[in-house]
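Encoded as structure tokens, here's the structure I'll be asking about.
The values are calculated or read from the model by the stated rules, or taken from the named source; none is laboratory data. Small disclaimer: the values here were computed from a predicted structure and weren't measured. In case anyone asks, the SASA skips ligands and DNA or RNA and just uses the protein heavy atoms, side chains included. Shrake-Rupley method; radii C 1.70, N 1.55, O 1.52, S 1.80 Å.
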Amino acid sequence: MNHDIVVAAEQRDGIVQKISFELIHGAAEVAGQTGGRVITVIAGFEIKEAAEQLSAAGSDEVWIIDQPSLKEYLPKPYTEAFLQAVKHIEPEIVLIGSTMIGMELAPQLAAGLDTGLVTDCTALTISSGTGLLLMTRPNTDGISIDTFICGERRPQIATVRPGVLAETGARDKADSRKSAEKVSQPAACPRGTVRHFTADLSGADNGVRLLSTTRGGVKSTDITQARVLVAGGRGMGGPEGFDTLRTLASLLGGQIACSRACVEAGWIDASPQVGQTGKTVRPELYLACGISGAFQHVTGMEESQLIIAINKNPAAPIFDISDLGIVGNVEVLLPRLIAALK
């Protein structure tokens, strides 16, 4: 066992997913505390170009498992491929994205390695006292934050929520405004070594065959990639308030977002929810309308580059993290803003 960190990269149709670059950056920060290397493992078929992108993104090594049987994602062969690669590398830590594929892959990988797993993490750091990975994630109560360790088993495995490991690594908002880098376009780094690894997948056939694939449309509502978010809270008064927000978001070239209270009230579905039990976002502009600024919400948007808040309560906590605060009624101010933009 060494101090290396393995990143389980994700690709779809040969295209590296954004979460993979985020994980590489996060792994590099953790490796700076442990002295280990960042080794990215990617599986698929005819994915040489994808491996080169990961190499240029900051990995010390990229292990590519390029085999015809991995052309389409199936849980059993993919798990077996990653399992064999991780056993060869013997890392201290394994990081996986909290995506549909990652949530299926991670528990099987942990079981195969006989180790623990912490899912949906929002922060990772190394304990100065024990050297263990501190894995932080929201509690299921939606209010508190829990931190876990994997005390005895190795490797330590965590899945990480998309959007929480920004490639800039900027915690200082002023610095992040000066040089905001897009994770989807990773900055050039010294290229790491690309190694080809062949997995024995002869025993990975569990009788499941992929009969066909139906491609869905491109999702346009992924708020983690939006440059502008117009977010509404309980102060919007009801579902009709979000019609106003949609108009405003369209004029600003952005998308709408919401707080947990609006989802629980049935005003909007959960897909654009921001916060501890929602998504973590870092847009260039976050316009918070009628949002009080509860801790659960702020944890998901506080590193936005520019935060503008509108709230009728001058003591609302959202003003504590806002760059510009406007005290007023959203029902009065938003129509005026829309008229001005038009």
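Could you look at segment 221-339 and say what percent of its accessible area is carbon and sulfur, using a 1.4 Å probe and all protein chains? All intermediate terms of the calculation are to be shown ahead of the outcome.
On the way: 2640 of 5050 Å².
C and S fraction of accessible area: 52 percent.
Would you mind checking which residues have amide H under 5 Å from Arg195's amide H? H placed 1.01 Å from N; only 5 or more apart, or other chain.
Amide H neighbours of Arg195: Val62, Trp63, Ile64.
Express in whole angstrom the spacing between the alpha-carbon centres of segment 21-76 and segment 293-329.
37 Å
Of all beta bridges DSSP finds with both residues in the chain, what is the antiparallel percent, to the nearest 5?
If we restrict to bridges inside the chain, about 20 percent are antiparallel.
On to the next question. Going by alpha carbons, how many degrees (0 to 90, nearest 10) lie between the helix axis of 100-113 and the longest principal axis of the chain?
Long axis of 100-113 versus the principal axis of the chain: about 40 degrees.
Give me the percent of accessible area attributable to carbon and sulfur for segment 3-165, probe 1.4 angstrom.
51 percent
How many lysine pairs in the chain, separated by 8 or more positions in sequence or lying on different chains, have Cα atoms less than 28 Å apart?
For the chain, qualifying lysine pairs total 28.
Can you list the residues, at least 5 places off or on another chain, whose amide H is less than 5 Å from the amide H of Ser59, using H built in the peptide plane?
Amide H neighbours of Ser59, under 5 Å, 5+ apart: Gly192.
Keeping every protein chain present and rolling a 1.4 Å probe, give me the accessible area per residue for the chain in Å².
48 Å²
What residues qualify as long-range amide H neighbours of Val94, i.e. H under 5 Å apart, gap of 5 or more or another chain, H built at 1.01 Å from N?
Here the answer is Val6, Gln156, Ile157, Ala158, since their amide H atoms fall under 5 Å of that of Val94.
Apply the Karplus curve 6.51 cos²θ - 1.76 cosθ + 1.60, θ = phi - 60°, to the phi angles in segment 264-279 and return the couplings in whole Hz, x for Gly and Pro.
5, 7, x, 6, 7, 6, 7, 4, x, 6, 10, x, 4, 9, x, 10
In degrees between 0 and 90, to the nearest 10, how far off the longest principal axis of the chain does helix 330-341 point, with axes built from Cα atoms?
For helix 330-341, the angle is close to 80 degrees.
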